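Report on one structure; see the data block that follows.
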Amino acid sequence: MNDRVFSKRTLLWLLVIGMLSFAGAFVASIYQDKIVQLSSYGANSYSESAVGHKAFVKLLQKMNFRTRISREIRGGFNFSDAKLVIEPQSVSGLSNTLTGFSGVGSLIVLPKWNVRPDLKNNRWIREMELRHPGQVQSILNYVGNGLNLVRNDTTLTAENFIWDSELFPLDQQLSVLAPQLIVDNPGVLRPLVYNDQGVLLAEVIRSDFFYDIDRTWVLSDPDILSNHGLDNGGNAAFMIRVVDELTHGRAGGVIIDETSHGYVAEPSLWQKMFEFPFAVVTLLVAVSVIFLAWSSFSRFGAPDKDEKEYQVGKEFLIGNTAELLAFGGHGALMLKQYTDRSLQSVALKLHAPKNINTYELLEWLDRVGGARGIDLRGHDVIRAAEDLCKANTFNVLAAIRAAQNIHRWKQEMLYGTG
């Protein structure tokens, strides 16, 4: 009966499918960022709308900054990294992402717009309006006490102002509609880029919240780095210089926080097991377990008929027992027992003298056998069997011949040669 559940062809196909599935899962894990993409219309790194930051992320990557979008509130950083918190939605979101961060710097970009999605395309926006000043002011108050917001008229752009910088020359003109600025407060901020209306970029010099970070900068207007703002070459050059300065010439990496926008994904083994592409590996493991359990069963349905017919009787029982003993490596023991019992049986029925050793017993039986005209000598057949039992390697065929000789000697001794 064939106990294999699967044929060779089936096993080959299962092996090929398993290898292809593993290769697909491996490739998917490498390109998961390109396969699985989050989409949004708001002010975040996944958005392609006018106020989104996806172009800014691509720009940093093209300029060879080690850029990573973070969805973890805690951990996941090196001490040489800088964290960018762009347009946080609330003070709690800003506080959660910066608490426990110990890097070379952080950049907080204040929010500016409220937007509504386009009903025909949820990746675009239909309307945008300035946030209520109080919403922005609450975040500014978290940065430092005594800071105020300046909202310019919508008829003005950044090109209408002459900008001064303490960091680098502004070779190209900035372009921002109705720039949102911060009123200078020398006790709290050190202006880095400013004009006569207020401060665009500043360093926080007195704060109770950022003591684990080497330096914290604040950018007052997010339009400079938004998707529509980066159409202007001056804005793009400005942001590259800001990030380059913050990371000490790209010595550290750039972490762009998205937890402040609600995209929190704390590390979880069980959650990862059911997320693409790791869900592919989970599925492969489940299928493998099913096939393993399936293959553990010896058969399905009705049992196959055995070609060997069922036998009864003493002869079949003795033969089957002999086969089991031989299979278990007990052939020598079986021959020894048969030899001893045959010798005892002959001695008992011929009334051999008691209390004599085996050698003397065999000599007595051989004299009796000679008197009866028996050619086989008990001494020879018994010693031959004992030698086989003591041999290092048990010879099955020789043992069978020895047992046959013992049986013949026994029969002749008891019943004669006729």
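The values are calculated or read from the model by the stated rules, or taken from the named source; none is laboratory data. Since the model is a prediction, treat every value here as computed from it, not as a measurement. As a convention, Cβ positions derive from the backbone with ideal geometry for all residues, glycine included, and neighbour counts pool all protein chains shown. The accessibility values were calculated without ligands, DNA or RNA, using every heavy atom of the protein model including side chains. Shrake-Rupley method; radii C 1.70, N 1.55, O 1.52, S 1.80 Å.
With respect to being farther than 30 Å from Gln404 by Cα, at pLDDT below 75 and surrounded by 11 or more Cβ atoms within 10 Å (Cβ to Cβ), Val287 falls outside the description.
For the range 368-417, a residue qualifies if it is closer than 17 Å to Arg341 by Cα and β-branched (Val, Ile, Thr), and the qualifying residues are Val381, Ile382, Ile400, Ile406. Just one of the listed residues (Leu376, Leu365, Leu343) is on the phi < 0 side of the Ramachandran plot, surrounded by 17 or more Cβ atoms within 10 Å (Cβ to Cβ) and assigned to a loop (DSSP other than H, G, I, E, B), and it is Leu376. Just one residue in the set Val204, Val254 is within 24 Å of Leu147 (Cα to Cα), touching a strand residue (DSSP E or B) at 6+ places or on another chain (Cβ under 6 Å), of a type in the set (A, V, I, L, M) and crowded, with 19+ Cβ neighbours inside 10 Å; that residue is Val204. Give Glu315, Glu386 a once-over and let me know the one that is assigned to a helix (DSSP H, G or I), among the charged types (D, E, K, R) and modelled with pLDDT under 80. After ruling out the rest, the residue left standing is Glu315. Hey, among the residues in the range 389-418 that are on the phi < 0 side of the Ramachandran plot, free of Cβ contacts under 8 Å to residues at least 60 places away in the same chain and not in a helix (DSSP H, G or I), which one's least open to solvent (accessible area, probe 1.4 Å)? Looking at residues that are on the phi < 0 side of the Ramachandran plot, free of Cβ contacts under 8 Å to residues at least 60 places away in the same chain and not in a helix (DSSP H, G or I), I get Ala391.
Note on the range 96-112: residues that are open to solvent by 10 Å² or more (accessible area, probe 1.4 Å) and either touching a Pro at 6+ places or on another chain (Cβ under 9 Å) or assigned to a loop (DSSP other than H, G, I, E, B) (or both) amount to 4.
Is it the case that Val136 is closer than 14 Å to Leu110 by Cα, outside any strand (DSSP E or B) and either open to solvent by less than 70 Å² (accessible area, probe 1.4 Å) or in contact with a Leu (Cβ under 6 Å, 6 or more places away or on another chain) (or both)? Criteria met by Val136. From the list Asn64, Asn2, the one residue that fits, being open to solvent by 70 Å² or more (accessible area, probe 1.4 Å), part of a loop (DSSP other than H, G, I, E, B) and at pLDDT 90 or above, is Asn64.
On the stretch given as the range 78-90, residues that are open to solvent by less than 60 Å² (accessible area, probe 1.4 Å) and either hydrophobic (A, V, I, L, M, F, W, C) or in a helix (DSSP H, G or I) (or both) total 4.
When the range 218-252 is filtered for residues that are acidic (Asp, Glu) and in a helix (DSSP H, G or I), the ones remaining, listed by number, are Asp223, Asp231, Asp244, Glu245. For the range 346-358, the set of residues classified as in contact (Cβ under 8 Å) with a residue 12 or more places away in the chain and either open to solvent by 50 Å² or more (accessible area, probe 1.4 Å) or within 18 Å of Asn405 (Cβ to Cβ) (or both) consists of Val346, Ala347, Lys349, Thr358, listed by residue number. Residues in the range 113-131 that are among the polar types (S, T, N, Q), without any contact (Cβ under 8 Å) to a residue 40 or more places away in the chain and surrounded by fewer than 14 Cβ atoms within 10 Å (Cβ to Cβ): Asn121 only.
Per-residue answers, yes or no, for (1) at pLDDT below 75; (2) open to solvent by 40 Å² or more (accessible area, probe 1.4 Å); (3) not in a helix (DSSP H, G or I):
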{"residue": "Arg9", "(1), (2), (3)": "yes, yes, no"}
{"residue": "Leu12", "(1), (2), (3)": "no, yes, no"}
{"residue": "Ala28", "(1), (2), (3)": "yes, no, no"}
{"residue": "Lys34", "(1), (2), (3)": "yes, yes, no"}
{"residue": "Gln37", "(1), (2), (3)": "yes, yes, yes"}
{"residue": "Gly42", "(1), (2), (3)": "no, no, yes"}
{"residue": "Glu72", "(1), (2), (3)": "no, yes, yes"}
{"residue": "Ser92", "(1), (2), (3)": "no, yes, no"}
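For the range 348-357, state whether one or more residues are assigned to a helix (DSSP H, G or I) and modelled with pLDDT under 85. Taking every residue of the range 348-357 in turn, none turns out to be assigned to a helix (DSSP H, G or I) and modelled with pLDDT under 85. Does any residue of the range 141-153 turn out to be surrounded by 17 or more Cβ atoms within 10 Å (Cβ to Cβ), of a type in the set (Gly, Ala, Ser) and within 20 Å of Asp223 (Cβ to Cβ)? Checked the range 141-153: no residue is surrounded by 17 or more Cβ atoms within 10 Å (Cβ to Cβ), of a type in the set (Gly, Ala, Ser) and within 20 Å of Asp223 (Cβ to Cβ).
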